[in-house]
Structures are given as C-alpha cells and as structure tokens.
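Step one of this worksheet: look at the structure below.
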Amino acid sequence: MLINRVGDCLFIVSISLIVLFYSDLWVSYITYPFLTFFMVLTFMTKRAIFPFSPWLPLAIAAPTPISALVHSSTLVTAGLYLSIRFSFLFYSNSLLMRFFLVVSIFTSFYAGINAIFETDMKKLIALSTLSHLGFIGLAFSCGLLYLSFFHLLVHALFKSVLFIAIGDIMTNLFHSQDIRFLSSGFNFTPSSFFTIMVSLLNLLGLPTIRGYFSKDFVLETCNFTYSSYFLVFTIFFNLIFTYYYTYKLFYYSFSTLKFTPYVLESKSSGLHTVCLTVLRVVGVIFGYI
C-alpha cells in the first residue's frame, strides 16, 4: 500500500506539471526533466518494475478477498498503459529507454528465478505476471509500441482466465494455496483444469494459440533491435524459467493422488463452467482476431 501511495503522489505531481506548464513551450523545456523524472518513477511503481516490484507477489499471496481488492485497485498494467500513451515523452531520450530496457529485463529475470522456488499458487502466478510485465516493458523499451500493447491485451486475457480457474481449485482445497496439495485435478474439477492447461499453453507461446502471436513476435523482433548480445541472451534465458515453473504447475496439477487429496467443498456452477468455456474459446482465437 505504501509503495503504491508513492506512485500516486508522484502521479498527482506529474498531472499538475502538465496542467500548469504544458501549454507554454518555453516553460515546457524547463519542466521537461522534472516531468520525465516524476513520470518515470510513477510508471515504475505502477508497473511493479524493480526496485518497486516486491509488493505484487506479497499482495497476491494475501487472503483472497484482500488480494483481489489490492490487485484490482492498484492496476499493475496502469503504468504500462500510461507509458504507451506518453511514449512521446520517453522515446526522445535514448538514455532513458536504455534504462527502461535494463530494468525491465532484470525484473523479468528476478521474477523468473523467484517463481522456480515458489510453492504458493497465487504467488507463483503473480511472479509469472511480474515476469511478463518486464517482458512487455522490454518490448516498449525496444520501440515496439503497438506490439507491447498487443502483448499487454493478450497477457491480460489468458492470465485472468488462469486466476479464475485457480480460484475454483483453491475452493476445493480448503482454501489452501500450497501447490504441493494439488493432485489428480482433472478427476475433480475438469473444467477448471482444462482451462489451466489452455492458459499454460498460452503462457508458453504454443504456435497457433494467442500467446504465440505476441510473445514469439516480440522475441523475434528483439533480434533486429540495437540491443547487445548479452541482453538478447538474457531475454531468451528468461524463457527457461517460464518453461520450468509452467511445467511445475502442470505436474502438480495432474499428478496422481497424494496423502491429502481433493475434497469437493463446492461444485462449479453451470454459469461458471460456461464462462470458463467461453474464455477458453476466446483464448484460442484471439490471436487470429
């Protein structure tokens, strides 16, 4: 909460500078460094970019009503969206874009390493979200403005479906968030687990599914930018973490019965199943659209 209040205060200062000085060109040149500085800190806070990133997985690991409230009120993609809208302020400064590039890659790398050792379901998905936020920031920093926005939409679609499906599964695990209690999920909640499988394939960027059309295209286009070989290598190295934690979630979800099996505390309603089915279908065809 405190980290986001810092971003909100800087946001108000940035808006005030725009309202007061943007119409006067001469004053704009004087206030431009201050405006850029405040906006960079604002967007880094709202994007949960390092060093402002630890609040996201910690907030999501909280009890579900609290984490849902925090996640909806902080809007982790707000910073990315505003960065895209105010890109004309940033793209004129090559040094600033290099800074954005390095910080975005490090955020993705940091989130991927943490996700490997994570056993909390919600925290694992939050770290995956953080990794993709760094990935979208990487596309933005490389000048791929429209592609970063497209990947933002695609990621929001399949990650929201993943969150809904995980919520249904947690209900049947006595609200336990430990991934190690998962077992034989397809036998108990087949609709949610089929949804998880589609979402994970999107996360991996399987060809012909929507994740492929944005994620693979970003990686491919990054090879044609002026980034160093080390940065390109780090970008592709981050994919190893994605594959590992995705396989971990898949393995625990579909493994055989354990000592503490599922308990069907509540069955999914017909409306819930229909909504998940619609989201799955949209998930497959969204890339073509």
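No lab work stands behind these numbers, since they all come straight from the coordinates. Predicted model, so just to flag it, every value in this text is computed and none were measured. Every residue, glycine as well, gets a Cβ built from its backbone with ideal geometry; the counts of neighbours run over all protein chains shown.
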Cα atoms only: what Rg and Dmax, in Å, come out for the chain?
20.1, 71
Pick from 271, 82, 133: which is most flexible by mean-square fluctuation in a GNM of the chain where alpha carbon atoms under 10 Å apart are linked?
271
Any residue on another chain or 5+ positions along whose placed amide H is under 5 Å from the amide H of residue 120 is listed here as 179
Cα-based Lys pair tally, region 111-285, threshold under 14 Å, eight or more apart or on separate chains
5
Of 248, 215, 122, the most mobile residue in a GNM of the chain (C-alpha springs, cutoff 10 Å) is 248
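Given the peptides 154-161, 9-16, arrange them by the average over their residues of other C-beta atoms within 10 Å, most packed first.
Values: 154-161: 20.0, 9-16: 16.6.
Output ranking for 154-161, 9-16: 154-161, 9-16.
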Considering Cα pairs under 8 angstrom that are at least six residues apart, work out the relative contact order of the chain and quote it in whole percent.
18
